[in-house]
Amino acid sequence: MVITLMGLFLLVGLVLFVMNLGHETNGRVVAQNAADATAAAGAGWVARAANTVAMNNVGMAQLIVAANVLDSMPLAVSYSLKEDNWLDQAMQTYQSQGINGSWVSDAVDTLRSQLQDELNLLQPVDQTLNQGSYDIRALTFYNGPNGRGELWQAMQAMDTCSQMVLQNLP
């Protein structure tokens, strides 16, 4: 009976030891899963922050290009309009020489028609950019007569957003 009781105590102790070991192992698994989930969430947050900064950088690069292109537009439109008017006058002079019925005359007629379409497009743009009251510098100048242009203000806002994202990252 004494040996049976000692065996029973030993068996109960062994069962409790195994249960405790299982409970501890389960706790470690739960803690590891929580740590893994936290690391994955943190990595996702860092990746989203880096994507935001990268897209802001792309946007700023596009705005820098747009500022240069828009800044050159009044001069480009003015020169294109002068050149197209000169070509139109040259073709009109050619047509007034009285060469009719040849394939060259037909080609000049076609080209002059296309040139008229282009002139009809360029004239309102030239009136807006070069002769009207619209000042492209309000968009494009870095330090214009009224301060920074709107494109540069937008780039500054994007840069501020990127800096705030990076400051809030930790």
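Quick one: putting +1 on the C-beta of Lys and Arg, -1 on the C-beta of Asp and Glu, what dipole do you get for the chain around its Cα centre, in Debye to the nearest 20?
Dipole about the Cα centre, nearest 20: 1000 debye.
Take the alpha carbon atoms of segment 1-53, find their radius of gyration, then divide it by 2.2 N^0.38 Å using N residues; give the quotient.
2.30
If I take R0 = 35 Å and measure r between the Cβ atoms of Q114 and V65 in this structure, what FRET efficiency does the formula 1/(1 + (r/R0)^6) give, to the nearest 0.05?
Result of the calculation: an efficiency of 0.75.
Summing +1 for each Lys or Arg and -1 for each Asp or Glu, what net charge is found among the other residues whose Cβ lies under 12 Å from the Cβ of L81?
-4
Helix-derived [θ] at 222 nm for the chain: sum -39500 (n - 2.57) over DSSP H runs of at least 4, divide by residue count, nearest 500?
Only helices count here, giving -30500 deg cm²/dmol.
Would you mind working out the accessible area per residue for segment 50-109, using a 1.4 Å probe, and quoting it in Å²?
Result: 66 Å² per residue.
Stokes-Einstein diffusion coefficient for the chain at 20 °C in a medium of 1.002 mPa s, Rh from the Kirkwood formula over Cα pairs: what value in µm²/s?
So the translational diffusion coefficient is about 89 µm²/s.
For G144, what residues show an amide H to amide H distance below 5 Å, using hydrogens built from the backbone and excluding near sequence neighbours?
G149
In what sequence, largest accessible area first, do W45, W86, W103 appear using a 1.4 Å probe?
So, going from the largest accessible area down, we get W103, W86, W45.
Suppose R0 equals 22 Å; then what is the FRET efficiency for E83 and Y134 from their Cβ-Cβ distance, rounded to the nearest 0.05?
0.45
Using a probe of 1.4 angstrom, how much of the accessible area of segment 17-170 is carbon and sulfur, in percent?
Carbon plus sulfur share of accessible area: 59 percent.
The values are calculated or read from the model by the stated rules, or taken from the named source; none is laboratory data. Here the structure is a predicted model, which means the values were calculated and not measured. With ideal geometry, Cβ positions are generated from the backbone for all residues, glycine too; neighbour counts draw on all protein chains shown. Side chains included, ligands, DNA and RNA excluded: accessible areas come from the protein's heavy atoms. Shrake-Rupley method; radii C 1.70, N 1.55, O 1.52, S 1.80 Å.
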